[in-house]
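Structure first, commentary second.
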Amino acid sequence: MKKHILFYLLFATPIFALAQSKNNSKQLTILYTNDLHAHVNPQQLDWISTTHKIGGFANIATLVKNEKIANTNTVYFDAGDYFTGPYISSLTKGAAVIDVMNHMSIDAACIGNHEFDHGWQNVPTQLIKAKFPVLNGNIFVKQTKQLLWNHPYKIIVKNGIRIGVIGLHGQFAFYDTISDEMIQGVEARDEEKYLQQYINELKNKTDLIVLLIHEGIPGRQSSKGITDVGRNLKKDIELAQKISGVDVIVTGHAHQGTPDALESNGTIIVSTDALGMQLGKLTITYDQQKDKIIAYQNKLNYIYDDEVIDDSATKAAINKWENQLSVITQQKICVTPVKLFRSYGEESLLGNMVADAMLFAHPTCDFALVNSGGLRQDIDAGTITLGNLISAFPFPNTNILVDMKGQDVLALFEHAASLTNGILQVSKGVVLTYNEQSPVGNRVVSLTINGQPIQPNQTYKIITSNFMADGGDGYFAFKKAVFRKNTQEIILDAMAAYLKTFSSYSPSLEGRIKKVDN
């Protein structure tokens, strides 16, 4: 038997072991993804497999469509952040991603923070092209009662079960991870208040309520995985404890998979590890007489490219856009003999390169700072193209010059060492030593700038991104800058200009970020 056929049978076989009442129970299968981040093509993720590529929208579409053929009582939901990742999103402001997703048999999706990466006005411009329901009920045009996207929920009927599907965005995730200038005209309002409002509106019209929400701690954009499920989905657990009446939460933003579904106050919580590497499958048994879910089973399966046949319609849409964009993306920048990797808690070759490129553009600065979460994809050894650079750093961020006192610089690095939003990636000349086991706020062991210890009252000239300078990822100390200038220079241009000075770029780790134990 061919591998892809075996995979399909394993994934799509109905779960007969679920407990059920003979006359009153009905089954429903919920397939789910989150934080796809425009990874339309399969990718090599070494911490999962060094020999098989993982994911891809055409593979997801095949699995979803096959499941729906085998089991008509199936829905497919996504919990947001389908924009921003490989260049196919950035170069089209998300239009290509929506076009591809239109072929994936999605029953509903919510809006994530990265759908705002090209400004809030772009959100309805792109989402109106979606042929699947996109939901959000708590992002409003500022100082009005008008929802930016006036589709808070939808009722779907499957197997006679009336499913109320609500879409929301957590306030913390909204303001913590979106550049201020991209959301000047809109605001996220209390998700708890609006969840309760929509539950009240739906409870007499539905049997089950499913919440699609983008909230919680930011995902770790790293080449290394994490497994602390409960901590990373704490916000979802707390939301379920505060607001009763939600049967299932499909959540995004934390990039945290749930091999075993979580339960909180009677609510089932599920999520994937992101980037399209998995398709989740939650099969539930609903008892009509008891009006409750009486049993469920969750599976979180990695999608191996060589075990699934591409969905032809989805693949054709991907190819169409890649061909259109190739004149830009295939431009050669230089070559590298090593993989430029990311890391969330330590120095990385990609982080070093981006920071050095920014400093190269403004050599009179003392150093450059880059947030680890801004690095979205590794660059493989070989020829580096413009497409590689866009996929690695897909944001339209600009270089910002700031002057800051040393004591405020130290506060930046203390926040970095907390790892709630990732360590800072730094340019040459900066050496940070930190202890992850020390209390938050007291983790910096030493910090030197060009060989000299940081001086609290000295003023330092720094170059960073507009996202960081606005306090993004919780780096609020930037707001204490004594001087600030937006150069309007796109960071991507600085990266390309820097790398073009090398025929072969051959970096190595230099000990810029050092982690020590007690």
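Read the figures in this text as sums done on the coordinates, not as results from a lab. Since the model is a prediction, treat every value here as computed from it, not as a measurement. Glycine also receives a Cβ, built like all others from the backbone with ideal geometry; neighbour counts cover every protein chain displayed.
Going by how many other Cβ atoms sit within 10 Å of their own, how do C365, C110, C334 line up, fewest first?
So the residues, fewest neighbours to most, are C334, C365, C110.
If we count other beta carbons within 10 Å of each Cβ, what is the order of S343, S49, S25, S504, fewest first?
Arranged by neighbour count, lowest to highest, S343, S49, S25, S504 become S504, S49, S25, S343.
Quick one: angle between helix 191-202 and the longest Cα principal axis of the chain, in degrees between 0 and 90, rounded to 10, please.
20 degrees
In terms of the Cα gyration tensor, with a ≥ b ≥ c the square roots of its eigenvalues, is the stretch 172-299 rounded because a/c is under 1.5, prolate because a/b exceeds b/c, or oblate?
Cα axes put the stretch 172-299 in the oblate bin.
Specify the longest stretch of the chain that does not include any exposed loop site, a site being one of the chymotrypsin sites (Phe, Trp or Tyr not before Pro) with a non-H, G, I, E, B DSSP assignment and at most 10 other Cβ atoms within 10 Å.
48-518
Residues with amide H under 5 Å of K292's amide H, sequence separation 5 or more or different chain, H placed in the peptide plane at 1.01 Å from N; which?
Long-range HN contacts for K292: D287.
Just to be sure I understand: of the beta bridges DSSP finds with both ends in the chain, what percent are antiparallel, rounded to 5?
65 percent
Summing -39500 (n - 2.57) over the DSSP H runs of n ≥ 4 in the chain and dividing by its residue number, what mean residue ellipticity at 222 nm do you reach, to the nearest 500 deg cm²/dmol?
Helix contribution divided over all residues of the chain: -7500 deg cm²/dmol.
Using Cα atoms only, what is the angle between the long axis of helix 3-12 and the major principal axis of the chain, expressed in degrees (0 to 90) to the nearest 10?
The answer is roughly 60 degrees.
Can you tell me the FRET efficiency between T487 and D291 if r is taken as the Cβ-Cβ distance and R0 is 56 Å, rounded to the nearest 0.05?
So the FRET efficiency works out to roughly 0.40.
Could you tell me the relative contact order of the stretch 332-516? Use alpha-carbon pairs under 8 Å, at least six residues apart, and round to a whole percent.
With pairs under 8 Å counted, the relative contact order is 34 percent.
What is the calculated FRET efficiency for A497 to I69, with r their C-beta to C-beta distance and R₀ = 51 Å, to the nearest 0.05?
0.50
Mind listing the long-range amide H neighbours of Y344? Cut-off is under 5 Å, sequence gap 5 or more, other chains count too, H placed in the peptide plane at 1.01 Å from N.
Here the answer is S223, K224, since their amide H atoms fall under 5 Å of that of Y344.
Residue separation times 0.36 nm, minus the C-alpha to C-alpha distance between S49 and H362: what's the value?
Length gained, S49 through H362: 108.7 nm.
Of K234/K292; K129/K485; K65/K332; K145/K479; K461/K500; K93/K515, which pairs sit farther than 27 Å apart, going by alpha carbon to alpha carbon?
Violating the 27 Å limit, Cα to Cα: K129/K485; K65/K332; K145/K479; K93/K515.
Among D493, D305, which comes first, second and so on when ranked by fewest other beta-carbon atoms within 10 Å?
With the sparsest Cβ surroundings first, the list reads D493, D305.
May I ask for the angle, rounded to the nearest 10°, between helix 406-418 and the longest principal axis of the chain, with both axes built from Cα atoms and the value confined to 0 to 90°?
It works out to around 30 degrees.
Take every Cα pair under 8 Å in the chain that's 6+ residues apart, average their separations, divide by the length, and report that relative contact order as a whole percent.
16 percent
Between Q458 and E263, what length in nm is gained on full extension when 0.36 nm per residue of separation is reduced by their alpha carbon distance?
Length difference between fully extended and current span is 65.1 nm.
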